[in-house]
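A.B. asks: I have a structure here, written as structure tokens, and I will follow up with some questions on it.
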Amino acid sequence: MHSHAATAELQQFTTLSRILHWLTAILVFSTLLIGFTMVSSVSDYATLLKIHKTLGVVILAVVIIRVVNRLTHRPPQPPPTVGRFERILIVTSEMALYALLLAQPLVGWAMVSATGRPVVVFGSLRIPRIAPANLDLYWVLRETHSVLAFLLVAVVAAHVSAVLLHSITLRDGMLARMTFRLPRTRSRHANQAGVGEPAAPAASVE
Ligand code: HEM
Ligand code: HEM
């Protein structure tokens, strides 16, 4: 990315990383919400499941791009408020998020495959079945899909809590590493990121 050099001094993720992050967040929140809603809905079940499956395979595609992007672009150094142990926690939780976001749609896809029926997304697009038609297998995958969904909710909650703890309590500008801002506000965030002047004056601008 050409913007990489420009954003490096702001200690931000690249533009592509930020777009992919927020795209994933919106897709994952929607898919979780629709997933939990549809299983207790009678009248809208079929429609919601169609949307759910489509969003799910879109997540799979976006996350594959994200993993490639992560492997080819080193994230910015963590803020100085992040200690050695916390660094390990952060990296572990991010790896867990990537793993869950890859596993969950694959399990969903395999689960539908195991019913023996065609797997249809985007309304009418048939994608290949990735598991044999087998009722026992279906139930294992169905159960796994629920467990992974709850794990995902837990890790996302921890992730968001950690970001808010840093940004609001420690005021180290961690959230700004992932957000988009107008050029006008740049210098303020640059300060928060520990570049240029000390962070103290910036932190008092609320
Ligand atoms: C990251 C992607 C995904 C997330 C976060 C997700 C989440 C969920 C959640 C929360 C439920 C309800 C679980 C429960 O309450 O027991 C669910 C059910 C389900 N999901 Fe997914 N899902 C994803 C991807 C997929 C994909 C790609 C497919 C299929 C192509 C799929 C097919 C299903 C099916 C068939 C059900 C169960 C419907 C039923 O038993 O009535 N999901 N999903
Ligand atoms: C489903 C929702 C979300 C998922 C799956 C998710 C996933 C991730 C992942 C995998 C990373 C690591 C980025 C990388 O190094 O490639 C990350 C970083 C980050 N996320 Fe999220 N995220 C979600 C929601 C949120 C929300 C709601 C916020 C805002 C409060 C947020 C704020 C951040 C920030 C600030 C970073 C950068 C942390 C740093 O400075 O190292 N995320 N997220």
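A.B. asks: Let me know the shape class of region 18-169, please: from the alpha-carbon gyration tensor, a ≥ b ≥ c as square roots of the eigenvalues, rounded when a/c is under 1.5, otherwise prolate if a/b is greater than b/c, or oblate.
C.D. replies: Prolate.
A.B. asks: While we're on this one: How high is the relative contact order of region 18-67, in percent, counting Cα pairs under 8 Å that sit 6 or more residues apart? Could the numbers behind the result be given before it?
C.D. replies: Numbers: 22 pairs, mean separation 22.4, N = 50.
Result for region 18-67 is 45 percent.
A.B. asks: Using 0.36 nm per residue, how much length does the chain from T144 to M178 gain when fully extended, once their Cα-Cα distance is taken away?
C.D. replies: Value of the extension gain: 9.1 nm.
A.B. asks: Amide H neighbours of V119 under 5 Å, at least 5 residues apart or on other chains, H built in the peptide plane: list them.
C.D. replies: Those lying under 5 Å, H to H, from V119 are I127.
A.B. asks: Still on this structure, I have one more. Modelled label-to-label distance, V42 and R117, 7 Å Cα→beta-carbon offset: nm?
C.D. replies: 1.9
A.B. asks: Let me ask another. Under 1.5 on a/c is rounded, so check that first for region 80-162, then, if it is not, pick prolate when a/b is larger than b/c and oblate when it is not; a ≥ b ≥ c are the square roots of the alpha carbon gyration tensor eigenvalues.
C.D. replies: Prolate, because a/c is 1.5 or more and a/b exceeds b/c.
A.B. asks: Turning to a different aspect of this structure: Suppose the chain between L49 and V67 were pulled fully straight at 0.36 nm per residue; how much longer would it get relative to their current alpha carbon spacing?
C.D. replies: Going from the current span to full extension adds 3.8 nm.
No value in this document is a laboratory result; all are computed from the given coordinates. Because the structure is predicted, anything quoted here is derived from the model rather than measured. Cβ atoms come from the backbone with ideal geometry, glycine included; neighbour counts cover every protein chain shown.
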